[in-house]
Amino acid sequence: MKSLAMPAMFRLLISVLLTGGSLAAVPPADNRSDTWVATDALGRKVPIFPEVAAPRADRTVGLFYFLWHGAHIQGGPFDITKILAADPNALQKPDSPLWGPLHVPHHWGESLFGYYLTDDEGVLRKHAQMLSDAGVDVVIFDGTNQLTYRDYYRTLLRVWSDMRQLGNHTPQVAFLTPFGDPAKVIRELWRDLYSPGLHPDLWFQWAGKPLILADPELIFEREENAHQNTPAELQPGHTLGQSFTTDRSVGAVSARCPTWNTSGSAMTLTLLRGGPGGERIAAERFHDVGDHAWLRLKLNPPLPPGSYYLEASEPGGRIGWSSHREDKFAHGAAFADGDEVAGDRTLQLQFTDSDTQQILEFFTFRKPQPDYFQGPTKPDMWSWLEISPQHVFTNATGQKEQMSVGVGQNAVNGRLGSMSESGAQGRSFHDGATDPRPEAVRYGLNAAEQWERALKEDPRFIFVTGWNEWIAGRFTEFNRIQLPVMFVDQFDQEHSRDIEPMRGGHGDDYYYQFVSNVRRYKGAQSLPRLESRPIQIDGRFDDWADVQPEFRDTIGDPVRREHRGWDTNVTYRNVTGRNDIVAAKASWNKSTAWFYVRTRESITPPGGRNWMVLFLDTDADTRTGWLGYDFVINHAGAGSLERNVGGGFSWSKAGKVKWHMHGNELELAIPWQALGLKVPPAKLDFKWADNCLQARDWTDFTLNGDAAPNDRFNYRAIQTGE
């Protein structure tokens, strides 16, 4: 039996059994990242419960994700920001040697992770961790340019699946297909991913099935006669028709109908067997027809091969059938009032087969709206990017199902434009204008305005654009606008829409703005209170068993990366990952604070200034200390205690702490007095970091070693009863 003849879910079951997999992955452990605290470089605090509501399981966040880094390399990287810094007038010089060739991808800036390729597994692991920590449920891959990037998405799925096998959470995946012609992409995804049943635990489900953003009416293979040079107007009491013969099964037949830009147009389409006067098979009345719309008569069950006749009758308002005076369709003829006439009428046949039927049954379809301005034209459509105020997209039951949020939009004075045009809506565009302040680009004012709109409407799904687009081709013309040098979707720091941290510029400002808004939308768990117990620093650790909570970290995330970059002469290599921190605890009484940390494997022997460092923010205030940290333990050697001096990365000796390590566990004790405290604080923020300190700034916790919790986040210990 051929596998393609089996029902989709049966083939999936067979695939899973043959590969030794399971239909449902073991649920990952909750690391409670929505309880982690953080303050960004602008002093904006990420909200926590009860500043935001308790978690809402019926709210979902999707993020636009790009797989194309490496698939379109033709030299470079060509960084527009660096090119314009070298020659501010380069936009007027299309022949400048600074530019890459016409249509070739140019980066608007540099990611914090460099000019990476999509199959860089170190970057893929970091993305999964950062997006999971942020609360992203699904990344939606860009397949709108007729490419699926199969090898790249397979690498991502494998890496993310490996992370899940370790007990981590990762986002799931879905695809945005070409707006007007999705059939090729859908069939390739069906053949290469869904039908073979690869990594089904990573398929994002919506309404009980894997989600795909595609117009289901356009997935059929089809034959079309679109030749037209005359509109045949349908008069009351008369009919127009077109015969056709097909040797394939037909699922829908369509006619293109002019209305001469009038409103209230209507007609009835009837399908007959054989020809005029034949057996009636199906009919449908169409109302409020738009000018030159294709009216589609769906056939259930599909037509078998044979000869048929499509007839238009009963006009309402002014309506007709686009036609050609000459014969253009080899498989049929035009008719008027049941008599054959010269020429042919426009006709589209949508063929159906077993694959098509299985695809239709397998997915939940949502038709993507490409337009930034129009909004939904029918139920079950979704937007990916709109100008403010964004529309609410409803489903067939009338629910507020989906809205989009964008960081920037290539919209110029109410039309689709390019990001390099004057007036494009960049990161600082809000309230109808671009904020002129030099530092405005860091605040994400455009995104903030769109988030406020989405939060007010509170749909079930918010689709955010985007994470890691980074590149755009160089053009000289777009949408009837001609300029010496143009970039449509990305241009520079202001006119771009990536949330992934950048090197320099706004750094990770947009990431924490994103985290904050996800929490405002989805809610957050309450911070757990300490359940302390007295601890003996003896290396036995059994007295930690009843201490709660256990603060968790991503498993398997110490930085280990070696992969070539966009430039074939560049290799990104980072092997600072050493001890994999997986859990931590804190306990205290009136005189002493105790801290515990556990790693995945045995902790390496102590040595240097980077070994199992504990940072303490004793006043839970990032305005004091280095990144808020007032004290550091183990930085000057195992058991050392240092106090921050002056707010920079400068430390003075403050004493020693008692500590003990055995296997993969470490514990230490610090008298409150050594921290300058007479009584325990109501709350204390802390972070463990191994082999992270390189640049001595915020990037250390993102780029090097292992930090627990990740990036700028801290664990917060709250005294019982506070």
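The selection criterion, being surrounded by fewer than 22 Cβ atoms within 10 Å (Cβ to Cβ) and of a type in the set (A, V, I, L, M, F, W, C), does not hold for Val464.
Could you please let me know if Ala282 is among the small types (Gly, Ala, Ser), buried (at least 18 other Cβ atoms within 10 Å of the Cβ) and farther than 20 Å from Thr377 by Cα? Answer is no for this residue. Taking region 193-290 and the strands (runs of 3 or more DSSP E) fully enclosed by it, the elements with 2 or more residues that are among the acidic types (Asp, Glu) and more than 30 Å from Phe461 (Cα to Cα) are at 221-225.
With the requirement that a residue be part of a helix (DSSP H, G or I) and within 19 Å of Tyr372 (Cα to Cα), what does region 429-454 give you? Within region 429-454, Leu445, Asn446, Ala447, Ala448, Glu449, Gln450, Trp451, Glu452, Arg453, Ala454 meet the criteria. When region 382-419 is filtered for residues that are open to solvent by 20 Å² or more (accessible area, probe 1.4 Å) and in a loop (DSSP other than H, G, I, E, B), the ones remaining, listed by number, are Trp384, Ile387, Ser388, Pro389, His391, Val392, Ala396, Thr397, Gly398, Gln399, Asn413, Gly414. Pairs meeting the criteria (first residue in region 50-78 and farther than 29 Å from Pro105 by Cα, second residue in a loop (DSSP other than H, G, I, E, B) and open to solvent by less than 20 Å² (accessible area, probe 1.4 Å), beta carbons under 6 Å, at least 6 apart or on different chains) are Val52/Gly523; Val52/Ala524; Ala53/Gly523; Ala54/Gly523; Pro55/Gly523; Arg56/Gly523.
Here's the yes/no breakdown for (1) in contact with a Leu (Cβ under 6 Å, 6 or more places away or on another chain); (2) within 16 Å of Arg503 (Cβ to Cβ):
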site: His69; (1), (2): yes, yes
site: Ile80; (1), (2): no, yes
site: Pro88; (1), (2): no, no
site: Leu91; (1), (2): no, no
site: Pro101; (1), (2): no, no
site: Val104; (1), (2): no, no
site: Ser111; (1), (2): no, yes
site: Tyr116; (1), (2): no, yes
site: Lys126; (1), (2): no, yes
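For the condition of a type in the set (Gly, Ala, Ser), under 20 Å from Leu124 (Cα atoms) and either open to solvent by 20 Å² or more (accessible area, probe 1.4 Å) or in a loop (DSSP other than H, G, I, E, B) (or both), Gly539 does not qualify.
Annotation note: of Gln493, Gln482, the sole residue that is assigned to a strand (DSSP E or B) and either within 28 Å of Ala695 (Cα to Cα) or open to solvent by 40 Å² or more (accessible area, probe 1.4 Å) (or both) is Gln482. Only residues that are in a loop (DSSP other than H, G, I, E, B) and within 20 Å of the chain's Cα centre (by Cα) were counted across region 57-72, and they come to 9.
Output the residues belonging to region 420-448 that are in contact with a strand residue (DSSP E or B) (Cβ under 6 Å, 6 or more places away or on another chain) and surrounded by fewer than 17 Cβ atoms within 10 Å (Cβ to Cβ). Answer for region 420-448, where residues must be in contact with a strand residue (DSSP E or B) (Cβ under 6 Å, 6 or more places away or on another chain) and surrounded by fewer than 17 Cβ atoms within 10 Å (Cβ to Cβ): just Gly423. When region 306-339 is limited to residues that are small (Gly, Ala, Ser) and part of a loop (DSSP other than H, G, I, E, B), the one that is farthest from Ala226 (Cα to Cα) turns out to be Gly317.
Please verify whether region 92-104 includes one or more residues that are assigned to a loop (DSSP other than H, G, I, E, B), aromatic (Phe, Trp, Tyr) and more than 18 Å from the chain's Cα centre (by Cα). Checked against the condition, which is being assigned to a loop (DSSP other than H, G, I, E, B), aromatic (Phe, Trp, Tyr) and more than 18 Å from the chain's Cα centre (by Cα), region 92-104 yields at least one hit. All conditions in (1) without any contact (Cβ under 8 Å) to a residue 60 or more places away in the chain; (2) under 29 Å from Gln165 (Cβ atoms) hold for Arg533, with the sole exception of (2). Here Tyr153 meets the list (1) touching a Pro at 6+ places or on another chain (Cβ under 8 Å); (2) open to solvent by less than 10 Å² (accessible area, probe 1.4 Å); (3) among the hydroxyl-bearing types (Ser, Thr, Tyr) almost entirely, failing just condition (1). Quick check on Asp137: is it open to solvent by less than 20 Å² (accessible area, probe 1.4 Å), among the charged types (D, E, K, R), touching a residue at least 12 places away in the same chain (Cβ under 8 Å) and in contact with a Gly (Cβ under 8 Å, 6 or more places away or on another chain)? Criteria not met by Asp137. Within region 153-184, the set of residues being under 29 Å from Ile581 (Cα atoms) and either in contact with a Ser or Thr (Cβ under 7 Å, 6 or more places away or on another chain) or at pLDDT below 95 (or both) comprises Trp160, Met163, Arg164, Asn168, His169, Thr170, Pro171. On the stretch given as region 24-56, residues that are more than 21 Å from the chain's Cα centre (by Cα) and under 25 Å from Gly505 (Cβ atoms) total 11.
The values are calculated or read from the model by the stated rules, or taken from the named source; none is laboratory data. Predicted, not measured: the structure shown is a model, and the values here were computed from it. So basically every Cβ, Gly included, is an ideal-geometry build from the backbone, and we count neighbours across all protein chains shown. Ligands, DNA and RNA are stripped out before the accessible areas are found, and what is left, the full protein with its side chains, is counted by its heavy atoms. Shrake-Rupley method; radii C 1.70, N 1.55, O 1.52, S 1.80 Å.
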